[in-house]
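These notes concern the structure reproduced below.
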Amino acid sequence: MNRKYMALALAAALAVPAAAARADNQPPPRIIVTGEGEASVAPDLALLSLSVMREAKTAREALDANNDAMAAVIAAMKASGIADRDLQTAGIQIQPRYNYTNKPDGSQEAELVAYQVTNTLSVRIRDIAKTGEVLDKAVSLGVNQGGGINFTNEKPDTVITEARKLAVADAIAKAKVLAEAAGVSLGKVIEIADQSFAPPPMPLQQAKSFDRAAAGAVPVEAGENAYRVQVNVTFELKN
């Protein structure tokens, strides 16, 4: 056998195991399935955003009036059993208010009318049953604007874990149906990734409603919080 044929034979002999090695290194077929789970629990914490707005001819007068009203609100919160750690000033704004009049030349003339001072207080209520009472007291003492109320859970780990289990079970059930329909079998789980979704804040009625609320206790229903988990599970497929 001459050298040319020997080289071709050697190349062919080397190509066979190389092709086999490439085939062995091919990843097994797989399927990615999304599972969803939801678990609910009653909230144990109410988060309130309450604002006092006062207006006066000067910034000093507006600030003094606001300080007096907010001091009374904070004192009432503490008298209701709310701890210092659950009260936090979220912001103070001082801004002028102008009255604009049109001039003959088409421009506008701004006249300073008053100053507005707004002080916003964030309140955490750990006794949910007191939420309506706290709102009623706050409005009676001068709160005339509100940002929102959110019923949440201080430690939702247990209920989120339950939602995760339900999401994984949902993914497995879906994968079995798909594999059976395709005529293959499920293999081992290769990868799991999850994403949790907390319940959105519940809106609080805006300032116009506070005038009506002052006539009596504010009716509040906490309901339940639904925690949702979504998982992406990758399964190996077997023929």
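Every read-out reported here was derived from the displayed coordinates using simple, explicitly stated rules and does not represent laboratory data. Not measured: the values here are computed from a predicted model. Cβ sites come from the backbone with ideal geometry, for glycine too, and all protein chains shown count toward neighbours.
List the lysines whose alpha-carbon lies under 29 Å from that of K103, not counting same-chain residues fewer than 8 positions away? Here the lysines satisfying the reach criterion relative to K103 are K57.
Using modelled amide H (1.01 Å from N, peptide plane; none on Pro or chain starts), what sits under 5 Å from the amide H of V218, excluding residues fewer than 5 places away? Here the answer is D136, since their amide H atoms fall under 5 Å of that of V218. Using only side-chain charges placed at the Cβ, +1 for Lys and Arg and -1 for Asp and Glu, the dipole size of the range 51-152 relative to its Cα centre rounds to 280 debye.
The range 75-146 has equivalent-ellipsoid semi-axes of 40, 12, 9 Å, by the square roots of 5 times the alpha carbon gyration tensor eigenvalues, sorted largest first. A straight chain from A42 to F197 at 0.36 nm per residue would run longer than the Cα-Cα distance by 54.2 nm.
Listed peptides 87-93, 103-109 appear in the order 87-93, 103-109 once ranked by packing, highest mean of other Cβ atoms within 10 Å at the front.
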